[in-house]
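Right, one structure below, let's go through it.
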Amino acid sequence: MSHDLLIHGGDVVSSSGVERADVWIEGGRVRSVGADLQVPAEVPRLDATNKWVFPGLMDPQVHFREPGGEAKEDLASGSEAALAGGVTAYCEMPNTNPATATPELFADKLERARGRSRADYAFFLGATEENADLIGEWETLPGCSGIKVFMGASTGSLLIPDDPTLERVLRSGKRRVTVHSEDDPRLKERYADLMERYPDGAPVGLHHQVRDIESAVRSTKRLLDLAEKTGRRIHLLHVSTAEELDIVRERDLGDLVTVEATPNHLFLAAPECYEEHGTWAQMNPPVREARHRDALREALLDGTVTCIGSDHAPHMAEEKARPFPKSPSGIPGVQTTIALLLTAVRDGWLRREDMVRLQVEGPARVYGILDRGPLVPGSVGTAVVVDPSRTETLAAEWLLSRSPCNPFIGRTLAGLPTEVVLRGQVVLRDGVRVGDPAGQPLEFEETVRP
Ligand code: DOR
């Protein structure tokens, strides 16, 4: 298949602006960008007239379920959903079964992805009490996006239960450590109390009160203290409270702390989301009242939030039907993130340029991803083409995740991705996959080749 392509006539978006230009990709790399490029007739063409051309957009937080939970998602189905939604690369979390917590299990995941992942990929290593002192040795393995810490228990068995163990992890290795920040001791107390009050199941509308603001704030304060003490850079995943954003601003720790937001926290709000979607809106940390959603939107624009990740977390409808809190937490979103953000662009609270900042440059900076940035000569020839005139009601049939539990079904979304280009190859055309694309591992600044 050809790795040469001319994407012509579109509006090329970077974080600093939008320019009507052609993009000539040769051998999988951008050769030139400019108006009315003169290109040999044999180069295949993709007409992007009246469309927007983004560099390959990335999702730095997904949970696929391989190994151990393939009925919910595997690397093939999850990456297929990613590609259909315009995501050209993803970083996948370690809370599989078994958890990705040894070099052997990490190698196994990479092997499983080879030739089966439709999009480019990288994987996190999960921190445990057992590997806390060793994990820093493994974080530089090729294909590794870094270390993931769960300070609060969520799906799976990974948990760093206390500050001494967390400090050991933070002193092991050098790369930015990625953290799910909820205070486990407080969560345990609050679940015990809930079970006592509601032994046969509670209203899911209580989810954000059980895993309350204080659970998030307490944990994030502990984490920032330890980041400062150890000098280790950290990344706060899926921040859910206005209070944590204020703390990050007040502590002003510069590059030591970066922040992620998810579309779920940016688009949903309690109590309506629980009334309308029940447990399909249940995730950790929870979606909270509108003031948190609004604070997150503000933080996208003032730079407090560095990147957007979907936190794609597939569960089956039967599991979601269990009485809360036995219903699992997590919302599948890898396919709908870009459509939602394009809807935000249409509605005027996000700019196209911000999407490049938050979905290309942000993840690249947070994780040290090489070779992902604006479409300029020499850069990787990976792009997402969007039709801004398209408006569609999100249909369950369009979704390719094995989990059907997407609370955005039925929403009218704007400007869906129509074409995806991976290293010069058109792999999605008019929203339909072309050929048999295979992703490659992402490359990182701090990787050490064996
Ligand atoms: O809601 C969540 N679901 N939050 C997490 O941190 C994990 C995820 C999952 O894997 O299901």
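If I ask for residues that are hydroxyl-bearing (Ser, Thr, Tyr) and either within 16 Å of the ligand (Cβ to nearest atom) or assigned to a helix (DSSP H, G or I) (or both), which ones from segment 248-263 would you list?
Hit for segment 248-263 is 262, nothing else.
Residues being touching a helix residue (DSSP H, G or I) at 6+ places or on another chain (Cβ under 7 Å) and either within 13 Å of the ligand (Cβ to nearest atom) or in a helix (DSSP H, G or I) (or both): count how many of those fall in segment 287-296.
Qualifying residue count for the region: 6.
For residue 145, indicate whether it is among the polar types (S, T, N, Q), under 26 Å from residue 109 (Cα atoms) and out of contact with any strand residue (DSSP E or B) (no Cβ under 6 Å at 6 or more places or on another chain).
Values: among the polar types (S, T, N, Q): yes; under 26 Å from residue 109 (Cα atoms): yes; out of contact with any strand residue (DSSP E or B) (no Cβ under 6 Å at 6 or more places or on another chain): no.
Judged against the criteria, residue 145 is not a match.
Among the residues of segment 382-397, is there at least one that is assigned to a helix (DSSP H, G or I) and either within 19 Å of the chain's Cα centre (by Cα) or more than 16 Å from the ligand (Cβ to nearest atom) (or both)?
yes
If residue 213 satisfies every condition in (1) closer than 21 Å to residue 288 by Cβ; (2) within 16 Å of the ligand (Cβ to nearest atom) but one, which is the exception?
Checking residue 213 against (1) closer than 21 Å to residue 288 by Cβ; (2) within 16 Å of the ligand (Cβ to nearest atom), the one that fails is (2).
Please go through segment 200-213 and pick out each residue that is under 23 Å from residue 148 (Cα atoms) and part of a loop (DSSP other than H, G, I, E, B).
Within segment 200-213, 211, 212 qualify.
Quick check on segment 263-313: of everything there that is under 18 Å from residue 217 (Cβ atoms) and polar (S, T, N, Q), which residue is surrounded by the most Cβ atoms within 10 Å (Cβ to Cβ)?
The qualifying residue surrounded by the most Cβ atoms within 10 Å (Cβ to Cβ) is 284.
Output the number of residues of segment 263-303 satisfying the condition of being on the phi > 0 side of the Ramachandran plot and aliphatic (A, V, I, L, M).
Summing the residues that are on the phi > 0 side of the Ramachandran plot and aliphatic (A, V, I, L, M) in segment 263-303 gives 0.
If you check 309, 333, 303, which single one turns out to be within 20 Å of the chain's Cα centre (by Cα) and under 21 Å from residue 68 (Cα atoms)?
Testing whether each residue is within 20 Å of the chain's Cα centre (by Cα) and under 21 Å from residue 68 (Cα atoms) leaves just 333.
Yes/no matrix, rows are residues, columns are (1) more than 21 Å from residue 284 (Cα to Cα); (2) among the hydroxyl-bearing types (Ser, Thr, Tyr); (3) at pLDDT 95 or above:
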{"site": "22", "(1), (2), (3)": "yes, no, yes"}
{"site": "46", "(1), (2), (3)": "yes, no, yes"}
{"site": "56", "(1), (2), (3)": "yes, no, yes"}
{"site": "59", "(1), (2), (3)": "no, no, yes"}
{"site": "79", "(1), (2), (3)": "yes, yes, yes"}
{"site": "84", "(1), (2), (3)": "yes, no, yes"}
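For the list (1) within 14 Å of the ligand (Cβ to nearest atom); (2) part of a loop (DSSP other than H, G, I, E, B); (3) over 16 Å from residue 244 (Cβ atoms); (4) of a type outside the set (D, E, K, R), I need the number of the one condition that residue 284 fails.
It fails just one condition, (3).
Are any residues in segment 182-199 part of a helix (DSSP H, G or I) and of a type in the set (D, E, K, R), and if so, which ones? Please lay out each step first, then the result.
Our first condition is that a residue be part of a helix (DSSP H, G or I); within segment 182-199, this holds for 184-197.
184, 186, 188, 189, 190, 193, 196, 197, listed by residue number.
Out of (1) under 20 Å from residue 335 (Cβ atoms); (2) not in a loop (DSSP other than H, G, I, E, B), the odd one out for residue 366 is which?
Every listed condition holds for residue 366 apart from (1).
Could you tell me whether residue 449 is in contact (Cβ under 8 Å) with a residue 12 or more places away in the chain, surrounded by fewer than 22 Cβ atoms within 10 Å (Cβ to Cβ) and under 19 Å from residue 264 (Cα atoms)?
Numbers: in contact (Cβ under 8 Å) with a residue 12 or more places away in the chain: yes; surrounded by fewer than 22 Cβ atoms within 10 Å (Cβ to Cβ): yes; under 19 Å from residue 264 (Cα atoms): no.
Spelling it out, it is not the case that residue 449 is in contact (Cβ under 8 Å) with a residue 12 or more places away in the chain, surrounded by fewer than 22 Cβ atoms within 10 Å (Cβ to Cβ) and under 19 Å from residue 264 (Cα atoms).
May I ask you to list the residues in segment 48-84 that are part of a strand (DSSP E or B) and closer than 16 Å to residue 420 by Cβ?
Taking segment 48-84 first, the residues part of a strand (DSSP E or B) are 52-55, 57-62.
The answer is 52, 53, 54, 55, 57, 58, 59.
I need the full set of residues from segment 331-367 which are hydrophobic (A, V, I, L, M, F, W, C) and within 16 Å of the ligand (Cβ to nearest atom), in order please.
331, 334 - these are the residues of segment 331-367 that are hydrophobic (A, V, I, L, M, F, W, C) and within 16 Å of the ligand (Cβ to nearest atom).
Looking at segment 169-181, can you tell me whether even one residue there is out of contact with any Leu (no Cβ under 9 Å at 6 or more places or on another chain), in a helix (DSSP H, G or I) and without any contact (Cβ under 8 Å) to a residue 40 or more places away in the chain?
no
Can you list residue pairs whose Cβ atoms sit under 6 Å apart, with the first residue in segment 326-349 being modelled with pLDDT under 95 and the second being within 16 Å of the ligand (Cβ to nearest atom)? Count only pairs 6 or more apart in sequence or on different chains.
none
Part of a helix (DSSP H, G or I) and within 16 Å of the ligand (Cβ to nearest atom): which single residue out of 245, 266, 300, 224 fits that description?
Testing whether each residue is part of a helix (DSSP H, G or I) and within 16 Å of the ligand (Cβ to nearest atom) leaves just 266.
Out of 394, 416, 422, I need the residue that is touching a residue at least 12 places away in the same chain (Cβ under 8 Å) and either within 23 Å of residue 114 (Cα to Cα) or in contact with a Cys (Cβ under 6 Å, 6 or more places away or on another chain) (or both). Which one?
None of the others qualify; the one that does is 422.
Is it true that some residue in segment 87-104 is free of Cβ contacts under 8 Å to residues at least 12 places away in the same chain and out of contact with any Gly (no Cβ under 6 Å at 6 or more places or on another chain)? Don't jump to the end; show me each part of the working.
Our first condition is that a residue be free of Cβ contacts under 8 Å to residues at least 12 places away in the same chain; within segment 87-104, this holds for 104.
Restricting the remaining residues to those that are out of contact with any Gly (no Cβ under 6 Å at 6 or more places or on another chain) gives 104.
Yes, there is a match, as at least one residue in segment 87-104 is free of Cβ contacts under 8 Å to residues at least 12 places away in the same chain and out of contact with any Gly (no Cβ under 6 Å at 6 or more places or on another chain).
Look through segment 105-128, keep the residues that are of a type in the set (A, V, I, L, M, F, W, C) and assigned to a helix (DSSP H, G or I), and return whichever of them is farthest from residue 178 (Cα to Cα). Quick ask: steps written out before the conclusion?
Restricting attention to segment 105-128, the residues satisfying the condition of being of a type in the set (A, V, I, L, M, F, W, C) are 105-107, 110, 113, 119, 122-125, 127.
Filter once more, so that each one left must be assigned to a helix (DSSP H, G or I): 105-107, 110, 113.
Details: 105: 19, 106: 17, 107: 20, 110: 19, 113: 22 Å.
So, considering only residues that are of a type in the set (A, V, I, L, M, F, W, C) and assigned to a helix (DSSP H, G or I), the one farthest from residue 178 (Cα to Cα) is 113.
Residue 328 - would you say it is away from the ligand (no atom under 16 Å from the Cβ) and either among the polar types (S, T, N, Q) or more than 23 Å from residue 223 (Cα to Cα) (or both)?
When the stated conditions are applied, residue 328 does not pass them.
The values are calculated or read from the model by the stated rules, or taken from the named source; none is laboratory data. Keep in mind that what you see is a predicted model, and the values were worked out from it rather than measured. Every residue, glycine as well, gets a Cβ built from its backbone with ideal geometry; the counts of neighbours run over all protein chains shown.
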